[in-house]
Amino acid sequence: MTQLPGPTAKKLGLVIDLDTCVGCHACVISCKAWNTENYGVPLSDQEPYGADPSGTFLNRVHSYEVQPAQGTAQLVHFPKSCLHCEDAPCVTVCPTGASYKRVEDGIVLVNESDCIGCGLCAWACPYGARELDAKEGVMKKCTLCVDRIYNENLPEEDREPACVRTCPSGARHFGDLGDADSDVSKLVAERGGFDLMPEQGTKPVNKYLPPRPKDAEPQIDILAPFLEPIAQDGKGFVGWLDKALSALPGGAK
Amino acid sequence: MHPAPSVIIFTTFSGLGFGLLFWLGVGALVPGGLSAFIWFTIAYVAAVGGLLASTFHLGHPERAIKAFSQWQTSWLSREGIAAVATLLIMAFYGAGLVFGGTRFAALGWLGAVGALTTIFTTAMIYAQLRTVPRWHHWTTPALFLTLSLGGGALLGGQVSETIGLLALAGGLQLYAWAMGDKRFQRSGTDMDTATGLGHIGKVRAFEPPHTGTNYLMREFIHVVGRRHAVQLRAIALGLGFVLPVVLLLLPFSHIFAVFAVFSHIAGVLVVRWLFFAQAEHVVGLYYGKR
Amino acid sequence: MSLDQPPLDTSPFVSDEVRKTTCYMCACRCGINVHMKGGKVAYIEGNKDHPVNKGVLCAKGSAGIMQHNAPSRLRAPLKRVGPRGSGKFEEISWEEALSLAVDWLKPIRDTAPEKLAFFTGRDQSQSFTSFWAQGFGTPNYAAHGGFCSVNMAAAGIYTMGGAFWEFGQPDWDHTKLFMLFGVAEDHDSNPIKMGIGKIKARGARMIGVNPIRTGYNAVADDWVGITPGTDGLFILALVHCLMKAGKVDLDYLARFTNASVLVNDDPKSEQYGLFLRDAAGQPQVIDRRTGMLAAWNGMGVEPDLSGTHHAKGITHRPVFHRMADRYLDPAYAPEAVADRCGISALRIRAIAADLARVAFDEAIELDRTWTDFRGVTHTRMVGRPVSFHAMRGISAHSNGFQTCRALHMLQIILGAVETPGGMRFKPPYPKPATAHPKPHCKVTPGQALDGPHLGYVQGPEDLCLDDDGRPIRIDKAYSWENPMSAHGLMHMVISNAHAGDPYKIDTLFMYMANMAWNSSMNVGGVAKMLTDQNADGSYVIPHIIYSDAYSSEMVAYADLILPDTTYLERHDCISLLDRPICEADAVADAIRWPVVEPDRDVRGFQSVLCELGARLDLPGFVNADGSQKYQDYADYITNHIRRPGIGPLAGFRKGADGVQGGRGDVNPDQLQTYIDNGGFWIEHVPESAAYYKPFSMDYQNWAVKMGFYDVVQPYIFQLYVEPLRKFQAAAQGIGTRQPPDHLRGQIAVTMDALPIWYPPFEDGHVDPVEYPIHALTQRPMAMYHSWGSQNAWLRQIHGHNPLYVPTKIWEANGFQEGDWARVSSAHGAITVPVAHQASLNENTVWTWNAIGKRKGAWALDSDAPEATKGFLLNHLIHELLPPKGDGLRWANSDPITGQAAWFDLRVKIEKSGIPNEAQPVLPAITSPVPKAPRVLAWKVGK
Ligand SMILES: Nc1nc2c(c(=O)[nH]1)N[C@H]1C(S)=C(S)[C@@H](COP(=O)(O)OP(=O)(O)OC[C@H]3O[C@@H](n4cnc5c(=O)[nH]c(N)nc54)[C@H](O)[C@@H]3O)O[C@H]1N2
Ligand SMILES: Nc1nc2c(c(=O)[nH]1)N[C@H]1C(S)=C(S)[C@@H](COP(=O)(O)OP(=O)(O)OC[C@H]3O[C@@H](n4cnc5c(=O)[nH]c(N)nc54)[C@H](O)[C@@H]3O)O[C@H]1N2
Ligand code: SF4
Ligand code: SF4
Ligand code: SF4
Ligand code: SF4
Ligand code: SF4
Ligand SMILES: [Mo]
């Protein structure tokens, strides 16, 4: 089972738009809430009201500051959860077979009842996408909401990951990245979606859309200044105004 | 990486134990009766104790049996199988020596190969990890093997083998440290590839996702001060390699030998502490900690 | 090994039932689906049908389950047993609590109702609480708007009949250039995020104007890192550029704004600066058809934007001429303002050109016919697809009112308000200042006040002053110090009550406001005022009653605590009479209802007021026979009638032919119908009335039908606000009601009828050389003020807050990661951790708001990071400006509205040692609630 199924035809995953993510953490909490109540053991919290609170989260939003060689620094909010890699090292290292990648859609899951909590899969993941739950001692990770996306107890429109459903700015997209005609694949093609740490050879399914270019510096053209003045002062303006008004419909005075 | 006592103890003592089993298996020393019993007890206490220690960091040790199932892909699974197989084989081999006074040489050689395999698979658990560039290198299994064999030889009183192996291991260790310090940088993984934002400019972690700590930070982000590291390396080298060799080069004395063993163990513990504590996991990049 | 996978149920059971109500983790009021399992709350998600959030939910909303179950929840009424501020209480019964309250309140109502000051905070039932206060007869009622964003609200109402946030929004579907001023999160939290997502998906452009580049400003295509307090100047420079280039919408200005209204231009006239009016009092314009005077709203009138009028030796010029005189002045040229704003002249010119290009060259047209109030039918709706949104970054300054006005002027001259692609109002807005009540303050012992407390003054005659010209209200609202204080001044109540200025009070009654902590300017000082004793040992503020749901810092300072329920345990009414949840295309209101019953001895505060009102015999709260009129809040929501046909909820009222929205009789099944409908009611604006709402007869008629007002009342935008001129004239000696001399100068300068800019007041009171740095706070998106820290999930995201420092200051002080700094203002000092941020105005430092917590509060351990590393900037702020040697203490507020000037703060910074804890440390308070659990694994299902 820790053998990878080989390239799956269907590659369900997320596309995250770094141009749009405002860093609100909504996806972080809706993920925590859904996955605490659903798939497997709850995501526990240690010292939740104490000096050093910490807990299990399957999705976390970082932020980075990027300083271009020229111009102002930019800030990029950066959500990160499991990328459901095609060559998932977290799966092959697992000694128990608890970690596996689904044949039918490529989702990488942990079968908690087989997990011994050795942590090796988390070591193998370059992205920090797996967290060992401190209370239950089993490995937790993004399930791509496998218990939502096919769930017949949910209305059809809700069969998408909790984080995608909740994202206020629409920065998260869910779909089949194995299908070149899917909306997500088109988005990736249009916007130049990229992989995180491609050199790690994990072949992530999730893609990131880069921030659009920012802070276009104004270029002044001496011959055609931004706005041609029509007057220099109030008086001149009134003169212009009278002319302009008479040009408006019904304006002959 | 977090230098958890359980993994440090595990790698140190199971290394020694399997190292000693190797020498017993190849027949470098062929004790019998009570003395065989003592030798094997030492080897098993070290090997099994180490293995048991490693289960302390498991969330569900009671399910450990499941860990034998994934030998096709998982080095950890392979290690488990190799370790148990070796221990079983060597148990028969040992029983022969203790009770029958007979050496089943084939069994011994098989056990020795098993011990080597076990040590190698243990090393490969770490060396396979591309996420930890310092480990992802041939020096990791090479060091594990030479250290285990050297330590085993030392335990087993194989003076010249010990001197040779420990000298080799010491050299390898120096090389591994020197290379290891650069390997993260050379791995090709950096802030730019981690975030994909390098084309815009220089990337710096601004705000972490949580102000508190989390499993990833506890497990993967451990920073050892430079000066501290240099001191520890000197201590590790002195205790683990130089001092035992020097003690063995002196005219033989049991006291010296015992000192050499303890010194070596202490040194290896430090080596292993450094092995983990200095291993930078690429996930630290996301936290701006590399 | 084989590749068989473990069996997996991909259709697990989700919940027994979904109960739909309204979120209250903040004031945005999104619709939520509460999934129930075995009678317990299992999971909360957004309601896809809801007009506000359309299914999305923010971090706070999703974490509602942790707020609802927080260990900090109060459990029963509390009576203080230790000294005030200690946090020592005993739990008492509701009967005892209510009798105690009546014992305190009854005597004051019978003799001097003004001795009760009733102020509410983060509340959404102001039409109800004010009704109660009115019945009590005290003039001393307001909510927290005075320290929040009254500048934004009042400037919007006076200028164009509505402001941003819940009153208006960009036309997200059509706008091509969106400019955001001074917003971190806004009240319209999810709608703004959804809007930004929408325009990004369309590839439209966004410009963020903010000293700090995080959040929305981080995703903006262009970031303008302005110097705090200078937006007015920047905006007027844009106006300068646009006018100078003639890039203004003349037709729109002429028809729909008072740019065409004639103003007396004779400085020697008593009427100088006032409108020329006809006998009926209507402001006059010149009709282009005839060249003659005409009322602005005459049928068929084509107002002339340029025509002047001379009569009896006095010249009357249209407002637009005055605007040209003022804004074409070189003082507003980009080159003249660039340094002060921290924006290059080139950049300002480029932005002006962009605005002009998009507004005029990329104009859009909708093929929709509509008729204006002059009877003119237009066959198209012409859109100027530039839109703006702004919030506290421009309003929480002492020049905020005028800055907000300037921004409204900018969008209006572009023709971008209520036109496609521009800014659109949300019903029941727009509603001009004249359609709002005026403030009322006539006190009669034992009787109700003479009318609603809060409103919009039209001139000095409407101020709340006694015969000696002294303020009637404890917060000095509607006095010469801040004549247009439309939301009151909650931040002045405690200090005025403590000082006995203008008089002493007996009972301070507060609801849902953490006034002893994050909503106080001057935290330490307020704590002292609340605990200060007279010589005889009695407290200077004799009684304090407070309603909170949680163990907040303020709880410790009350004598009697009325514990509220959580938002999932009570009825609430999000009413059109209050703060609407409408969209530009629809009118909507909503309820909350008890999706679970409280498991503690707590009661919804509004229900408690129903009972307290009855026990006090307040008009409106008792029946003719003296019995309690409303059994609880649900009863009030259903049965209260404000005006004929109008009640708290506009949906599902009883009409002649069944249930109808808008006007109608009481419907006993109303609440159940709301519940069945998902917790809200919505009705769409007719398509022909979707734009030009203030001017559109279709909209006006629809608004009357719905009951927003009783007669059609179209109006034009007030670029020139005549009431401001009236105050200015008074300051110049005109009229019978005169300000005190020391305020004349301030009023004359600041209350200009056309938008102006003046430097923030703090600049004139502290030495800008000694205190060269601006210090700001921002709302974290995942936290709501002080509430969030009791939430086990949210506090992991923001458990403490560094002070972010720009590169220049970082390097000048040689800061390193992990360093701390001492930050001081003219008023106080704090010692706090620092962190580096390059994408920040070079003279600005900032931190997240309200993360710091007092030890002992919120059921947190006393070594919680919120208390040891977290901090408040409020220690550096004061409700008064430092003395400047004129013998007076000037308020740290906008002189027009009284809005607290939080963001005028100036500081200096120096590296410090690393203390054990962020300084200052206030002593711990005793927690009135039991200790919290050490581990949480909250799963209610099996
Ligand atoms: N430095 C700085 N200070 C600021 C600001 C700033 O920008 N910078 N902003 C200011 C602004 S705009 C505002 S609005 C204020 C906000 O400050 P506050 O008005 O103090 O707001 P909160 O902290 O949200 O909470 C008020 C209280 O309501 C209680 N509460 C929560 N839910 C309920 C409930 O259901 N029922 C009852 N009865 N009580 C409940 C909470 O426990 C809390 O004690 O802060 C102001 N302070
Ligand atoms: N998540 C969350 N949402 C909230 C709240 C909350 O506590 N948490 N609070 C609610 C409340 S009570 C309110 S009042 C609203 C407030 O909503 P916002 O107005 O968005 O709130 P602030 O965080 O005060 O943001 C002020 C912004 O103005 C910027 N700023 C400060 N000075 C200037 C200036 O001079 N010029 C410009 N251009 N920008 C400036 C600051 O950098 C900051 O980004 O949010 C509401 N929504
Ligand atoms: S992101 Fe990490 S956990 Fe997820 S599949 Fe890839 S390697 Fe495995
Ligand atoms: S922690 Fe669990 S899932 Fe991960 S490698 Fe170990 S057994 Fe497999
Ligand atoms: S897909 Fe589901 S499990 Fe994965 S991050 Fe989103 S909400 Fe969490
Ligand atoms: S919910 Fe959306 S906008 Fe918010 S942090 Fe997550 S991805 Fe970004
Ligand atoms: S913005 Fe968030 S907290 Fe506020 S009402 Fe909406 S979901 Fe609730
Ligand atoms: Mo506010």
Across 10 Å bins beginning at 0, the whole-percent shares of Cα-Cα pair distances in the protein assembly as shown come to 1, 8, 15, 19, 18, 15, 10, 6, 4, 3, 1, 0, 0, 0
Residue by residue through region B:61-68, which ³J(HN,Hα) values in whole Hz follow from phi under the Karplus form 6.51 cos²θ - 1.76 cosθ + 1.60 (θ = phi - 60°), with glycine and proline marked x? x, 5, 9, 3, 4, 5, 6, 8
Alpha-carbon gyration tensor eigenvalues x 5, square-rooted, for region C:706-848, Å: 42, 26, 14
Segment C:E687-C:Q282, length gained on full extension (0.36 nm per residue, minus Cα span): 142.7 nm
Considering amide H positions built from the backbone, and no H for Pro or chain starts, which residues 5 or more places from A:D87, or on another chain, come under 5 Å of its amide H? A:K203
Threshold 10 Å², region B:59-82 residues less accessible with all protein chains present than alone (1.4 Å probe): B:G59, B:H60, B:R63, B:K66, B:A67, B:S69, B:Q70, B:W71, B:Q72, B:T73, B:S74, B:L76
At 1.4 Å probe size, what's the solvent-accessible area of B:I42? Round to the nearest 10 Å². 70
Region C:163-429: antiparallel bridges as % of DSSP beta bridges, rounded to 5, reads 60
If you project the alpha carbons of chain A onto their three principal axes, what span does each projection cover, largest first, in Å? 89, 49, 44
Evaluated at q = 0.16 Å⁻¹: base-10 log I(q)/I(0), Debye formula over Cα of region C:788-846: -0.59
Along Cα→Cβ, 7 Å out, is where each label goes; now give me the distance between the ones at B:V48 and C:K808 in nm to one decimal. 7.2
Inter-label distance, nm, simple model (7 Å from Cα along the C-beta direction), B:Y175/C:K88: 7.4
What is the distance in Å between the Cα centres of region B:86-132 and region B:1-57? 10
List the pairs from C:K504/C:K884; C:K106/C:K504; A:K207/C:K198; C:K869/C:K908; A:K214/C:K60 whose alpha-carbon separation is above 22 Å, in the order I gave them. C:K504/C:K884; A:K214/C:K60
Which of the aspartates and glutamates could a cross-linker span from C:K808 if the Cα-Cα distance has to be under 18 Å and same-chain partners fewer than 8 positions apart are dropped? A:E65, C:D339, C:E770, C:E817, C:D819, C:E842, C:E910
FRET efficiency for C:D536 and C:N639, using Cβ-Cβ distance with R0 set to 35 Å, rounded to 0.05: 0.15
Jot down the per residue volume, in cubic angstrom and as a whole number, of the convex hull over the alpha-carbon atoms of region B:95-145. 71
Projected area of region C:1-69, taken from the Cα convex hull and averaged over every viewing direction, in nm²? 6.8
Regression test value, accessible area per residue of region C:506-611, probe 1.4 Å, units Å², expected 21
Over chain A, calculate the relative contact order: mean separation of alpha carbon pairs under 8 Å at least 6 apart, over the residue count, as a percent. 26
Taking only C-alpha pairs under 8 Å that are 6+ residues apart, what is the relative contact order of chain C in percent? 17
Region C:163-429, convex hull of Cα, quarter of hull surface, nm² -> 15.2
Enter the mean number of other protein chain beta carbons within 10 Å of the beta carbon of each residue in A:110-118, as an integer. 6
Quick one: which of A:K186/C:K176; A:K11/C:K54; C:K312/C:K693; A:K32/C:K193 span more than 31 angstrom between C-alpha atoms? C:K312/C:K693
Beta bridge orientation in chain C: antiparallel %, DSSP, nearest 5: 65
Using mean Cβ contacts within 10 Å as the protection proxy, how do C:210-216, A:127-133 order, highest first? C:210-216, A:127-133
Once every Cα of chain C carries one equal point scatterer and solvent is ignored, give the base-10 log of I(q)/I(0) from the Debye formula at q = 0.10 Å⁻¹, two decimals. -1.22
Total formal charge among the other residues, if their Cβ is under 12 angstrom from that of C:A690, Lys/Arg +1 and Asp/Glu -1: -3
Residues with beta-carbon under 15 Å from that of C:D572, excluding C:D572: net charge, scoring Lys, Arg +1 and Asp, Glu -1? +1
Give me the inter-chain shielding for B:186-194: mean count of other chain Cβ atoms within 10 Å, whole number please. 4
Averaged over C:249-260, how many beta carbons belonging to a partner chain fall within 10 Å of each residue's beta carbon? 1
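The values are calculated or read from the model by the stated rules, or taken from the named source; none is laboratory data. Owing to the predicted nature of the structure, the values given are computational and were not obtained by experimental measurement. Cβ coordinates were reconstructed from backbone atoms using ideal geometry, including for glycine residues, and neighbour counts include every protein chain displayed. For accessibility, only protein heavy atoms count, side chains too; no ligands or nucleic acids. Shrake-Rupley method; radii C 1.70, N 1.55, O 1.52, S 1.80 Å.
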